[in-house]
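Presented below is the structure to which this report refers.
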Ligand code: NAP
């Protein structure tokens, strides 16, 4: 591992040298430590272009002219590319990147580097299909190459490919870049600094990315706490698919920042299926040095998470629900694991707060739940546990009946399936929407008929958080009901996770504001 600090590198993919030069200034202003001039993107890459780019650049420059076979735009021969990079060295490029597979043609480049005072060679290899089978062998070849810096980039199928990239960083004697490309490998970019990489790449804007999965520099520094990451940073994350629009990174990273914690929270896209989930989690537990301390789990992995963590290591109600959304990793990152379901706890606490009491104040309350999916399941199990009198309404009646059969506890904690025709005149004290009806972009839809009668004082809880005030909540406002939003529930579940991981009260106001900011801009 390198002792130097990890560079934040912005790749520049403009078509003209003048535009690339302007992007260089913008990258410097945005906080880049270095820029990568992707000469293969230029319409005309020649000595004139190099002079424009390398005349007192605002940040040190990596000159790269990537061949097509490794994801670039250049159709020149390897000798021509090496010759262009040799000119870049003579004109002051701080680093040049040349591919391992093309080194046989690097004669002119190597001799220019030999005469340069400061320039260094990055020897790179890329696989846009999958992780190379023999990463260790590849690294050994890079170590033997004439380069000063090793770079390996490959397409990621899951976060375990990011873990493999960290293995490369740990195993490399030279400073190294190891990147798992694509959304599934995002952690390899976000955590490069923690693992002592030579650098990571971040795009100036969403359109300017030079490889799949590159975050923007604003995301890296703002959302993902780049400037605060150290070798000792604790890692948290959310496992799900899709996970790109999850609110959790914004909410948890804001909380870590506010509490001054050396911790970061990253999205981990894991395709559906128990095997993919287990591959990701096993990879974490096998590498305690990654210091992953806790995980959130979202769709479609909550059941897989419970299966992997083990029924014996979760609370009784989570076991009954059959799903967890929180994993705590103890024992210095190697386990054992413990699991929790903070969704049900969050919903119960939001209801209890609205009733002015504790969860036990739900006992005997008449509750109508709309929907019979995952969210309804967690909420209905908890309602029955706390003795509420629950009626379930679902588009597919048989699912409601099945859920009712599973959780009905008789007198205290009754659960039955109702008829959708009853929705116009519900007699419930509490109404909870657990369907996506009314969610963005269908913001004018409501799970209740427009003329449904809602008694004044009814508690109406919509689990949807985008938009915050759904059509259902607007109906409730008009009828003089008390309302609970999906934001209330989300912040509650995130705060409960935080407290399980960090063992101190969560900064709820900060978390809520981070979520509102995110909703406002998404
Ligand atoms: P899910 O497992 O897919 O279940 C969806 C339920 O909604 C099913 O019962 C489904 O009925 C019903 N449904 C779907 N589309 C419908 C439509 N057009 N008309 C009538 N019913 C419809 O989803 P989930 O995980 O339970 O999530 C449900 C909602 O909860 C989502 O809106 C989500 O945003 C929210 N949620 C919020 C939080 C939070 O923290 N705020 C946490 C978790 C979930 P069928 O059985 O007939 O298919």
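The values are calculated or read from the model by the stated rules, or taken from the named source; none is laboratory data. What you see is a predicted model; the values in this text were computed from it and never measured. For neighbour counting, all protein chains shown are included, and Cβ atoms are generated from backbone atoms with ideal geometry for every residue, glycine included.
Annotations
- Residue among 519, 500 that is within 14 Å of the ligand (Cβ to nearest atom) and surrounded by fewer than 20 Cβ atoms within 10 Å (Cβ to Cβ): 519
- Hits in the stretch 349-377 (condition: closer than 23 Å to residue 301 by Cβ and within 27 Å of the chain's Cα centre (by Cα)): 373, 374, 375, 376, 377
- All strands (runs of 3 or more DSSP E) inside the stretch 353-471 with 2 or more residues being within 14 Å of the ligand (Cβ to nearest atom), under 16 Å from residue 484 (Cα atoms) and modelled with pLDDT of 95 or more: 366-370, 430-433, 459-462
- Filtering the stretch 263-278 to residues that are touching a helix residue (DSSP H, G or I) at 6+ places or on another chain (Cβ under 7 Å) and surrounded by fewer than 19 Cβ atoms within 10 Å (Cβ to Cβ) leaves 274, 278.
- Pairing each residue of the stretch 431-451 that is at positive phi with any residue that is more than 12 Å from the ligand (Cβ to nearest atom) and at pLDDT 95 or above, provided the two are 6+ apart or on different chains, yields C-beta distances under 7 Å for 438/471.
- Check on residue 306, part of a strand (DSSP E or B), on the phi < 0 side of the Ramachandran plot and free of Cβ contacts under 8 Å to residues at least 60 places away in the same chain: no
- Residue 326 vs. criteria touching a residue at least 24 places away in the same chain (Cβ under 8 Å) and touching a strand residue (DSSP E or B) at 6+ places or on another chain (Cβ under 7 Å): yes
- Number of residues in the stretch 241-259 that are surrounded by fewer than 21 Cβ atoms within 10 Å (Cβ to Cβ) and assigned to a helix (DSSP H, G or I) equals 2.
- Filtered residue count, the stretch 472-484, keeping only those that are out of contact with any helix residue (DSSP H, G or I) (no Cβ under 9 Å at 6 or more places or on another chain) and away from the ligand (no atom under 13 Å from the Cβ): 7
- Residues being surrounded by fewer than 19 Cβ atoms within 10 Å (Cβ to Cβ) and closer than 28 Å to residue 165 by Cα - total across the stretch 101-117: 4
- Where strands (runs of 3 or more DSSP E) fall entirely within the stretch 1-73, those with at least 2 residues that are over 27 Å from the mean Cα position of the chain (by Cα) are at 34-38, 61-64.
- Neighbours by Cβ (under 9 Å, 6+ apart or cross-chain): first from the stretch 169-191, on the phi > 0 side of the Ramachandran plot and not assigned by TED's automatic domain parsing to the domain that holds residue 245; second in a helix (DSSP H, G or I) and surrounded by 24 or more Cβ atoms within 10 Å (Cβ to Cβ): 182/161
Yes or no, residue by residue, for (1) more than 18 Å from residue 491 (Cα to Cα); (2) free of Cβ contacts under 8 Å to residues at least 12 places away in the same chain; (3) touching a strand residue (DSSP E or B) at 6+ places or on another chain (Cβ under 7 Å):
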| residue | (1), (2), (3) |
| --- | --- |
| 253 | no, no, yes |
| 260 | yes, yes, no |
| 311 | yes, yes, no |
| 322 | yes, no, no |
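- Considering the stretch 283-298, the residues that are out of contact with any helix residue (DSSP H, G or I) (no Cβ under 7 Å at 6 or more places or on another chain) and assigned to a loop (DSSP other than H, G, I, E, B) include one that is farthest from residue 191 (Cα to Cα), namely 298.
- Test for residue 339: is it more than 12 Å from the ligand (Cβ to nearest atom) and not in a loop (DSSP other than H, G, I, E, B): yes
- When 311, 305 are checked against the criterion of being in the same structural domain as residue 253 (by TED's automatic domain parsing), buried (at least 23 other Cβ atoms within 10 Å of the Cβ) and in contact with a helix residue (DSSP H, G or I) (Cβ under 9 Å, 6 or more places away or on another chain), 305 stands alone in meeting it.
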